[in-house]
Amino acid sequence: MKTDARITIAAAGLWLPPRRESAADVGSTPQKAGYDSVAVSDDTAPPDMAVHAATTALESAGWDGGRLDLLLHAWAYHQGHDYWSAPHYVADRLGAARALPIGIQQICNGGGAALQTAAAHLLADAGTSHALVTTADRFCAPGFDRWRGDLGVSYGDGASALLLCRTGTAETPRGLSLLAIASRAASQLEKMNRGQDDFSPAARSNGEQVDVRRTKKAYLREHGVAGFREIEQDSLRSVVTAALTEAGVPGDDPALRWCVLPRLRTDALESSYLPLLGDVTTAKMLDVGRTTGHLGAGDLPAGIAELMDRDLLEPGERALVLGTGSGFTWSCAVVERPMAAVAEEPA
């Protein structure tokens, strides 16, 4: 989706719990586990994490919740209650009484899907001028084994938040322009998380824990690793190329400084992502997940938050930010730090 810099990411928030569980804590090493550590929330529930991240973003932008017209909350795993709306909870806790709360459930690409949906609303609806994207996940026992429940990834807890507005209405000095965001799907891969299991009547009826490792192995036995790799590589190349084309940014643009990677295992990045991305762009690869783990729906917006929090872009510089999730879907955003910020209008 080409935005022509008509969307500004005014502020971002990233909330991570203070505790880390190291590879050594689970009898492994960083080399074997693919991470030094993962973030672990002992008691904070995902929707409250989202409120924390959103509060950080709102305070950074100088906004209050009452200013929001739209709130999109994305997640991959259990939010703390059954048959309940976490987006409405987040909106209520933020005082976003005017905002329309919407849930985005696209597994681990939820943050990218939410960002793209928010941008579309802002461009299409004159009545929507301020939007919030949040993500939050907590991969805790008894339902999830964060280290051994999946292939190619271990899971950390945390939340992210992005504040969006139409360019020229509410920029902030450290805001980023969204130049484009592209997504690609390979729906034939949905079976990787389903395996050979029958449809069940309730959550976790097929086992006491979510076991994506088991279903992925069942898929790979049937279809082969090579077939999956071909689809993955074609989709990843397509989404990055599309995002760059829609943004009008060549892959070798000297101003394209960073390519922010999803928070996958080191071996998954080195085997599947780094060789391909090195062919598509000369941007420097930025790996931010070694001490957090994969943040569920939050990798892409958390990557944008890292760029903003760490002030990694100079005026005029750009970055690619990647996200991926089961299903499968891949998203790629192109952001730029504007040469000059526009003064914010009064609320």
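Cβ contacts < 6 Å: first residue within 17 Å of residue 269 (Cα to Cα), restricted to the range 139-152; second residue crowded, with 16+ Cβ neighbours inside 10 Å and of a type in the set (Lys, Arg), any location; separation 6+ or different chain. Result?
The qualifying pairs are 151/216; 152/265.
I need the full set of residues from the range 150-178 which are of a type outside the set (A, V, I, L, M) and part of a strand (DSSP E or B), in order please. It would help to see each step written out before you state the result.
Taking the range 150-178 and keeping what is of a type outside the set (A, V, I, L, M), we get 150, 152, 154-158, 160, 165-169, 171-175, 177.
Within the range 150-178, 155, 158, 160, 165, 166, 177 qualify.
If I filter the range 100-140 down to residues being crowded, with 24+ Cβ neighbours inside 10 Å and among the small types (Gly, Ala, Ser), which single residue comes out as nearest to residue 194 (Cα to Cα)?
So, considering only residues that are crowded, with 24+ Cβ neighbours inside 10 Å and among the small types (Gly, Ala, Ser), the one nearest to residue 194 (Cα to Cα) is 110.
Going residue by residue through the range 79-99, is there one that turns out to be under 21 Å from residue 193 (Cα atoms), small (Gly, Ala, Ser), modelled with pLDDT of 95 or more and buried (at least 21 other Cβ atoms within 10 Å of the Cβ)?
Checking the range 79-99: not a single residue is under 21 Å from residue 193 (Cα atoms), small (Gly, Ala, Ser), modelled with pLDDT of 95 or more and buried (at least 21 other Cβ atoms within 10 Å of the Cβ).
Out of the residues in the range 154-179 that are surrounded by fewer than 24 Cβ atoms within 10 Å (Cβ to Cβ) and within 19 Å of the chain's Cα centre (by Cα), state the one that is farthest from residue 42 (Cα to Cα).
179
Are any of the residues in the range 285-300 within 12 Å of residue 258 (Cα to Cα) and either part of a helix (DSSP H, G or I) or in contact (Cβ under 8 Å) with a residue 60 or more places away in the chain (or both)?
No - not one qualifying residue is present in the range 285-300.
If you go through the range 179-201 one residue at a time, do you hit one that is modelled with pLDDT under 95, of a type in the set (Asp, Glu), over 25 Å from residue 294 (Cα atoms) and part of a helix (DSSP H, G or I)?
no
As an exercise: evaluate residue 30 against (1) surrounded by fewer than 19 Cβ atoms within 10 Å (Cβ to Cβ); (2) closer than 20 Å to residue 111 by Cα and give the number of the one condition it does not meet.
(2)
Which one of these does residue 239 not meet: (1) among the β-branched types (Val, Ile, Thr); (2) more than 20 Å from the chain's Cα centre (by Cα); (3) modelled with pLDDT of 95 or more?
Single failed check for residue 239: (2).
Taking the range 202-232, which residues are assigned to a loop (DSSP other than H, G, I, E, B) and within 21 Å of residue 146 (Cβ to Cβ)? Quick ask: steps written out before the conclusion?
Restricting attention to the range 202-232, the residues satisfying the condition of being assigned to a loop (DSSP other than H, G, I, E, B) are 202-209, 211, 224.
Residues satisfying the conditions are 203, 204, 206, 207, 208, 209, 211.
So residue 282 ticks every box in (1) in contact with a Leu (Cβ under 8 Å, 6 or more places away or on another chain); (2) buried (at least 16 other Cβ atoms within 10 Å of the Cβ); (3) not in a strand (DSSP E or B) but one. Which box is left unticked?
Condition not satisfied by residue 282: (2).
May I ask you to say which residue of 153, 212 is β-branched (Val, Ile, Thr), out of contact with any strand residue (DSSP E or B) (no Cβ under 6 Å at 6 or more places or on another chain) and over 30 Å from residue 69 (Cβ atoms)?
On the way: 153 fails: out of contact with any strand residue (DSSP E or B) (no Cβ under 6 Å at 6 or more places or on another chain).
Going through 153, 212 in turn, the sole match is 212.
Quickly run through the range 100-115 and pick out the residues that are among the hydrophobic types (A, V, I, L, M, F, W, C) and not in a strand (DSSP E or B). Spell out the reasoning first.
Within the range 100-115, the first condition is being among the hydrophobic types (A, V, I, L, M, F, W, C), and the residues that meet it are 100, 102, 104, 107-108, 113-115.
Across the range 100-115, the qualifying residues are 107, 108, 113, 114, 115.
Residue-by-condition table, conditions (1) among the acidic types (Asp, Glu); (2) at pLDDT below 95; (3) surrounded by 15 or more Cβ atoms within 10 Å (Cβ to Cβ); (4) touching a Gly at 6+ places or on another chain (Cβ under 8 Å):
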residue	(1), (2), (3), (4)
7	no, no, yes, no
18	no, no, no, no
21	yes, no, yes, no
37	no, no, yes, yes
43	yes, no, no, no
52	no, no, yes, yes
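Among (1) within 21 Å of residue 290 (Cα to Cα); (2) more than 16 Å from the chain's Cα centre (by Cα), which single condition is residue 13 missing?
Every condition holds for residue 13 apart from (2).
Just wondering, is there one or more residues in the range 265-272 that are part of a loop (DSSP other than H, G, I, E, B), within 30 Å of residue 41 (Cα to Cα), out of contact with any helix residue (DSSP H, G or I) (no Cβ under 9 Å at 6 or more places or on another chain) and free of Cβ contacts under 8 Å to residues at least 24 places away in the same chain? Steps first, answer last, please.
Step one: of the range 265-272, the residues part of a loop (DSSP other than H, G, I, E, B) are 265.
From the residues that got through so far, the ones that are within 30 Å of residue 41 (Cα to Cα) too are 265.
Then drop every residue that is not out of contact with any helix residue (DSSP H, G or I) (no Cβ under 9 Å at 6 or more places or on another chain), which leaves none.
Scanning the range 265-272 turns up no residue that is part of a loop (DSSP other than H, G, I, E, B), within 30 Å of residue 41 (Cα to Cα), out of contact with any helix residue (DSSP H, G or I) (no Cβ under 9 Å at 6 or more places or on another chain) and free of Cβ contacts under 8 Å to residues at least 24 places away in the same chain.
For the range 187-225, give me each residue that is touching a residue at least 40 places away in the same chain (Cβ under 8 Å) and of a type in the set (Ser, Thr, Tyr). Steps first, answer last, please.
The initial filter retains those residues of the range 187-225 that are touching a residue at least 40 places away in the same chain (Cβ under 8 Å), namely 187-190, 192-193, 203-204, 208-213, 216-217.
187, the sole residue that qualifies.
The values are calculated or read from the model by the stated rules, or taken from the named source; none is laboratory data. Since we're looking at a predicted model, the values are computed, not measured. Backbone-built Cβ (ideal geometry, glycine too); neighbour counts: all protein chains shown.
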